[in-house]
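Read the structure below first, then the notes.
The values are calculated or read from the model by the stated rules, or taken from the named source; none is laboratory data. Bear in mind that the values here come from a model prediction, so they are computed numbers and not experimental data. Heads up: the accessible areas ignore ligands, DNA and RNA and are worked out on the full protein's heavy atoms, side chains in. Shrake-Rupley method; radii C 1.70, N 1.55, O 1.52, S 1.80 Å.
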Amino acid sequence: GGHSSLLLVDDLARGVTPLGATIDDAAGEAFDKVARLLGLPFPGGPPIDREARSGDPESIGFPRGLTAAKDLAAHRYDFSFSGLKTAVARWVEARQRAGEPVPVSDVAASFQEAVCDVLTAKALDACRANGIDTLVIGGGVAANSRLRAMAEQRAEKYGIRVRVPRPRLCTDNGAMVA
């Protein structure tokens, strides 16, 4: 919990090679914090996923952490979602200060799109760079419908298979360890 990682698993018996990790807020933490900002319940992943379905993911151009060329040189497979969380907070606060309504569905969709974009781009880059033909996605955020769809869509371009547990198993720690 509270950590996003990219792991190269050649063989469970011979070890796992860490490729990338969270350097601040993990994806799940960002979902929880943004949900709270939007007045949605905890944990934040499911309510943001539901709200995003009726929103426009392109309505707000939220940042994609550690994806600029200078960041990729030092943090190619690492994740940072604190800047995204802060950008959402500033955007929402600016609307509130101006007395304008906050389009919760659009904010949720745009935020979710940014998280899923970074997660899938880095995971598929790692697969391609390491000659991996199967991407396994696990953990609570793996239940997110947009992440699942985006990973499938992008992976298909490269002939990479995507394996994700059924959504109800994504938050079951015993199932994830198994």
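Things to note:
- For region 1-76, with all protein chains in place and a probe radius of 1.4 Å, 53% of the accessible heavy-atom surface sits on carbon or sulfur.
- Solvent-accessible area per residue, Å², over the chain with all protein chains present [probe radius 1.4 Å]: 54
- Placed amide H near Arg161: partners under 5 Å, 5+ positions off or other chain: Thr134, Leu135
- Checking (1) 107; (2) 132; (3) 117 against volume of the Cα convex hull per residue in Å³ calculated from these atoms, the matching label is (3).
- Entries in Lys33/Lys122; Lys70/Lys157; Lys122/Lys157 that, when Cα-Cα distance is taken, lie over 18 Å: Lys33/Lys122; Lys70/Lys157
- Placed amide H near Asp24: partners under 5 Å, 5+ positions off or other chain: Phe81
- Taking every full run of DSSP H in the chain, the ones that stretch at least 27 Å from end to end by Cα along their long axis and average -1.0 or higher on the Kyte-Doolittle scale are 104-129.
- Within the chain, percent of DSSP bridges classed antiparallel, to nearest 5: 60
- Relative contact order [Cα under 8 Å, 6+ residues apart], region 1-129, whole percent: 29
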